[in-house]
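Visitor: Following this message is one structure expressed as structure tokens.
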Amino acid sequence: MKCPYCSKEMEKGLIQSPQELAWLEGEKKHMISRASVYEGSVILSRFSYFKGSAVTAFLCRNCKKVLVDYADPASDFNYRKKN
Ligand SMILES: [Zn+2]
């Protein structure tokens, strides 16, 4: 993936956490970090008690940016395809 700021190739990696990974609206830290509690939230990786959470992320060391493409559900390491 090319960096949208400088167009250099980004490094593929991941962000992981023992908790759910979610983008939450606002500028203040929330008391409860569950997306289901806040309208407009975006879950980046669903919570798994045994595996924790992880999402694919791309790094640009030049711009010091991290990009998560949540349009691809497979970027969530806990995503399961429906059969
Ligand atoms: Zn860049």
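Visitor: Under 18 Å between C-alpha atoms is the cut-off here; go through the chain and count lysine pairs that meet it, provided they're at least eight residues apart or on different chains.
Guide: Qualifying lysine pairs in the chain: 8.
Visitor: Then there is this: By how many nm would the segment from Asp72 to Val37 lengthen if fully extended, with 0.36 nm per residue of separation less the alpha-carbon distance?
Guide: 10.3 nm
Visitor: In whole percent, how big is the carbon plus sulfur part of the accessible area of the chain, probe 1.4 Å, protein atoms only?
Guide: That share works out to 53 percent.
Visitor: Let me ask you something else. Considering only protein heavy atoms, what per residue accessible area in square angstrom results for the chain with a 1.4 angstrom probe?
Guide: 81 Å²
Visitor: Okay, next question. Below 15 angstrom from the Cβ of Lys64, what's the summed charge of the other residues (Lys, Arg +1; Asp, Glu -1)?
Guide: That works out to +2.
The values are calculated or read from the model by the stated rules, or taken from the named source; none is laboratory data. From a predicted model like this one, the values you see are computed outputs, not experimental measurements. Don't worry about glycine lacking a Cβ; one is built from the backbone with ideal geometry, like all the others, and counts go over all protein chains shown. Each accessible area value is taken on the protein alone, full model and side chains, heavy atoms only, with ligands, DNA and RNA left out. Shrake-Rupley method; radii C 1.70, N 1.55, O 1.52, S 1.80 Å.
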